[in-house]
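Asks: This structure is in structure tokens; I'll ask about it shortly.
The values are calculated or read from the model by the stated rules, or taken from the named source; none is laboratory data. Just so it is clear, the structure is predicted and the values come from calculations on it, not from any experiment. Because the Cβ atoms are built from the backbone with ideal geometry, glycine has one as well, and the counts that use them run over all protein chains shown. The protein model used for the area step is the full one, side chains on, heavy atoms only, and it has no ligands, DNA or RNA in it. Shrake-Rupley method; radii C 1.70, N 1.55, O 1.52, S 1.80 Å.
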Amino acid sequence: MRRLTPWPQRILILLGIGFIWCLSLSYFILSSTDLEVISGTKGNRLREHGAAQLGAKRTEDLMKTITKFVDDLLTIVEVKVETSDDSLPPPTPAPMRDYKGELQALQVRMAAETEKGHMRKEIIKELRSDKLHLQQELARLEELLKRLAEKEDQLIKSENQIKEEENCPLPPMDGYPQCEEKLEWMKAMWKSDPCYSSNGVNGSLCSMIIYLSEVELWCPVLPGRVVPPALTDDSEDSVVSGPAVVRDSLEGLYSFLEKRTQFHWIHQRVQSMEEVWVKAGRSLSAKYKLTGREAKQILVHPGLVTDESGFRMVEAAFSGGPLGELVQWSDLISTLYILGHHLHLSASLPDLREILGINTGSCPPRNHKVAVNLIYTDIVGLGQIKNVLGQSWIKYRCMIRVLDSFGTEPDFNHGAWAGSHNLKCSWGGLNLIPMQFYTMFPHTPDNTFLGFVVERQLSSQEAEQLQSTRRQNQALVYGKRAKFWEGKKAYLDLIHKHLEIHGTVERSDPALVPSYVKNHGIIKGTEVQTLLSQSKVFVGLSFPYEGPAPLEAIANGCVFLNPRLHPPQSSLNSEFFKGKPNIREVTSQHPYAEAIGEPYVWMVDMDNSTDVERALTAILNQTIEPYLPYEFTCEGMLQRVNILIEKQDFCNGPVSWPPLSALQVVMAETGTSCKQVCQKAGLICEPAFFPRLNSAEDLAKYSVDCRTSESSDSYVVLPAYNSTSKQCLFQSDPLLFSCVRSDESLIRICPCRDYIKDQIALCKACV
């Protein structure tokens, strides 16, 4: 047999070394992978274990392939040696290693290591299984301990209950015939409504007796228990309010106003005017005797600001929306509080239910309801109050005062009359006494004038700042909405020839605002005051109707340009007034300002350039001082509201206010209303006096000779006199007394009274 030549021998040796190196590398890879599986973090064990198994599988397959290849190679070499040519000289002997044996030994070692890896995996698997089992056992033990603790608590409660029941023997049942029956019901049903447990019932006899004796009043009070104060009075609704004392701060209001988002705008206005309100309260106290008044319990529920109403008035107030109603509510709240009354403010239906003591569960309210004396609300709020109270709202009917910006006339208020005379609307048919509707302006004497305060009432610091403000040759336009400016360019161009024009307009549609207008956007009230103090003219655009702003302008010494309306606007011809419960005709943008007249208010026809030029020339040639009617000052509102609270009474019998000494009877011509005839005589129609003229005996005192008389509910102009038949007609339905209606065939008999200048709601004898 011939030996291998040196060259093939070297190649074989190198190949063997290379194969051994590859096998070693695979071994180390396998070992590393296995170690990583064992030492991996707990959160990644399953994922890494899977990867390691896959790596081991691939390595094992590779080793089998290499081993087979080496075996085949050695076989080929051996065959080659045996069949080689012996003629060549033998090479120098070289030691030959048993590479196949080494590879086989290596395979044995690798198999052993692989077996160790399998053992490690099995150990890890068993450890994990043990851990899971221990966790399950721990959870079972914890649950067992919890149940044992609950049983222990129940045993303790049971023992306490036994002791408690031993200490709660039933008191004598004299005068409480249903107590035992109620106790039996309570034992079985106390879990039927969570309100019982919230009132202290816990299943024990003692807690049930306490509840049934102190909350629902079916049982006698246990000996040693303190009787709740509300039970010591004979009347459920009686509350001792004490005297009304004029307050020197509005701080007590802020905690509630801050908590309710519905009152955020109101809170800002109330707080900004506190100094002026306090000063006005002191001034009124110094002028008039305000002692001896009882502090009333007053519910204030502005329905329009509640979320349930859907009007979103508060959100709109901060983005240029209408402010009239919010201004009036702010000033009413401030007035009532300064006058010393107890206010219960409601901003939602839950607030309303709580104040009125309306029960929404099986239990009656623990705190007895507030014994309200007066309720201020609006038409939306009145509907909410009716829904909350149900039929029992009738009990509160005479206490209601409805804030009603534009007024409600008697025939619209009377549900049956409105229905039969095609006057029915969503805001009417409430069947209240018409004087229970409180208006922003004194535009209809059938309602009561509540009013508001013009914001010219500045603090001392603000007043000092404005004194240094110089009036410029400029005009400020009344209109925060861009749509109010539409179609007014020719009118504004004419004014711009004389004055620089400023505006406080939303920026939603700038194309409607002329380019020469210096627009300040929606700004704070104090900034508007500054602009008015700088301006000579406040320019009306014919809309919005009857807002507070024109009076603020006049109070700042700025003349109001008041557009006439052709034809006069009413619910009969205006989309804006459609649905309002009246047919009052609005002859200008601001009828109250129209009555103030020149030099503070100038009427103009916007489409008549000559008329506008005439007014502007006169305004620029005059100098006026700021003017504000007393009824729109803080002190004027305090005076008016105080007398209305003390004197105006719709709950107790015949009307006794205003005093009868103020009555002046005037006969109107046919076709003339009482409002017109009283106004012509320098007086005002007083609907409270109608019952004093509603009989032949009453009229005889005023030299009215009734040959015959008849009562009827077919007219809204009664009492009246038929000059042809000498017959007197009297009103059989007191809700149909009206100052504003007339008849072509009847002479109206009108109750008029005098009034204090700039305080039209009060007669001279009323103060």
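Asks: Hey, among the residues in the stretch 412-422 that are open to solvent by 10 Å² or more (accessible area, probe 1.4 Å) and in contact (Cβ under 8 Å) with a residue 40 or more places away in the chain, which one's farthest from Ile645 (Cα to Cα)?
Replies: Among those residues, the one meeting the criterion is Trp417.
Asks: Specify the residue that is most open to solvent (accessible area, probe 1.4 Å); the eligible residues are those in the stretch 585-615 that are within 18 Å of Tyr545 (Cβ to Cβ) and β-branched (Val, Ile, Thr).
Replies: Thr587
Asks: Here is a follow-up. Quick one: in the stretch 198-220, which of the residues that are modelled with pLDDT of 80 or more and open to solvent by 50 Å² or more (accessible area, probe 1.4 Å) is farthest from Tyr176 (Cα to Cα)?
Replies: Result: Asn202.
Asks: Still on this structure, please answer the following. Take the stretch 532-568 and flag every residue that is open to solvent by 10 Å² or more (accessible area, probe 1.4 Å), free of Cβ contacts under 8 Å to residues at least 60 places away in the same chain and aliphatic (A, V, I, L, M).
Replies: Across the stretch 532-568, the qualifying residue is only Leu565.
Asks: Quick one: Arg269 ticks every box in (1) open to solvent by less than 50 Å² (accessible area, probe 1.4 Å); (2) among the basic types (Lys, Arg); (3) not in a helix (DSSP H, G or I) bar one, so which box is it?
Replies: With (1) open to solvent by less than 50 Å² (accessible area, probe 1.4 Å); (2) among the basic types (Lys, Arg); (3) not in a helix (DSSP H, G or I) applied to Arg269, the lone miss is (3).
To keep it simple, each residue is scored yes or no on (1) buried (at least 18 other Cβ atoms within 10 Å of the Cβ); (2) touching a residue at least 24 places away in the same chain (Cβ under 8 Å).
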position	(1), (2)
Trp485	yes, yes
Asp493	no, no
Leu499	yes, yes
Thr504	yes, yes
Leu512	no, yes
Lys518	no, no
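Asks: Phe406 is checked against (1) surrounded by 15 or more Cβ atoms within 10 Å (Cβ to Cβ); (2) more than 27 Å from the chain's Cα centre (by Cα); (3) modelled with pLDDT under 95 and fails just one. What number does that condition carry?
Replies: It fails just one condition, (2).
Asks: Is it the case that the stretch 685-701 has a residue that's under 44 Å from the mean Cα position of the chain (by Cα), of a type outside the set (Val, Ile, Thr) and not in a helix (DSSP H, G or I)?
Replies: Scanning the stretch 685-701, I find at least one residue that is under 44 Å from the mean Cα position of the chain (by Cα), of a type outside the set (Val, Ile, Thr) and not in a helix (DSSP H, G or I), so the answer is yes.
Asks: I need every pair where a residue in the stretch 729-740 that is closer than 13 Å to Ser711 by Cβ and without any contact (Cβ under 8 Å) to a residue 24 or more places away in the chain has its Cβ under 9 Å from the Cβ of a residue that is of a type in the set (A, V, I, L, M) and not in a strand (DSSP E or B), sequence separation at least 6 or different chains.
Replies: Leu729/Val717; Leu729/Leu718; Leu729/Leu746; Ser732/Leu718
Asks: If I filter the stretch 603-620 for residues that are closer than 19 Å to Phe441 by Cβ, in contact (Cβ under 8 Å) with a residue 40 or more places away in the chain and in contact with an Asp or Glu (Cβ under 7 Å, 6 or more places away or on another chain), do I get at least one hit?
Replies: Scanning the stretch 603-620, I find at least one residue that is closer than 19 Å to Phe441 by Cβ, in contact (Cβ under 8 Å) with a residue 40 or more places away in the chain and in contact with an Asp or Glu (Cβ under 7 Å, 6 or more places away or on another chain), so the answer is yes.
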